[in-house]
Amino acid sequence: MKRIRKPLFFTIFLSILITFTVSCSNDEKNTPNDIDNIRLEMTEQREDQNGMIYTLRLQNKSKQVIKQNNVYLSFPIKIENGWKGNEFKIEAKNNKLNIKPGEEILLSVTVPSEMYKGINNIDLKNPNIEIKGYINEVTELNQFHIGGGYQAMIGF
């Protein structure tokens, strides 16, 4: 009986392992089109006696389930040469898990007037909105992030 050399044995073992791993993976493949078909847009912004109220619409037009997500709103900060991002973000309310294909939800963000009254270097009219989430299952490979100025997100 012939002895199998170590490099050959290792190659065969690795091939079997890769085949097994690929065959046990999720049947639903995530594609860039899935991410492109997740829409986040601002539908309303208004001010009342307590502060600013923003309504956001999250639409899952992909063929995948949005397993988990967080939606944020922030205000750009005016600097000498233009604008910069703001690390202070407010998480939207009324969000949910497992948003199915074709499903749409309305989210709200309330910003108390004490946070912006008398502050002239933030842009309340053109906030940034973003979504961070996972498609199908919460794994690093299924993570996505979409964001930008709300004007840029119109029809996105």
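Given the criteria exposed (fewer than 14 other Cβ atoms within 10 Å of the Cβ), at pLDDT 95 or above, at positive phi and not acidic (Asp, Glu), does residue 118 qualify?
Spelling it out, it is not the case that residue 118 is exposed (fewer than 14 other Cβ atoms within 10 Å of the Cβ), at pLDDT 95 or above, at positive phi and not acidic (Asp, Glu).
In segment 92-105, which residue that is out of contact with any Phe, Trp or Tyr (no Cβ under 9 Å at 6 or more places or on another chain) and surrounded by 14 or more Cβ atoms within 10 Å (Cβ to Cβ) is nearest to residue 72 (Cα to Cα)?
95
Scan the strands (runs of 3 or more DSSP E) fully inside segment 63-146 and keep the ones with 3 or more residues being β-branched (Val, Ile, Thr) and touching a residue at least 40 places away in the same chain (Cβ under 8 Å).
104-112, 128-135
Looking at segment 133-143, can you tell me whether even one residue there is at pLDDT 95 or above, out of contact with any helix residue (DSSP H, G or I) (no Cβ under 6 Å at 6 or more places or on another chain) and crowded, with 16+ Cβ neighbours inside 10 Å?
Yes, segment 133-143 has at least one match.
Checking residue 72 against (1) aromatic (Phe, Trp, Tyr); (2) at pLDDT 95 or above; (3) over 19 Å from residue 53 (Cα atoms), only one condition comes out false. Which one?
Among (1) aromatic (Phe, Trp, Tyr); (2) at pLDDT 95 or above; (3) over 19 Å from residue 53 (Cα atoms), the lone unmet condition for residue 72 is (3).
The values are calculated or read from the model by the stated rules, or taken from the named source; none is laboratory data. Given the structure is predicted, the values throughout are model-derived calculations rather than measurements. Note that we place each Cβ from the backbone using ideal geometry, even for glycine, and neighbour counts take in every protein chain shown.
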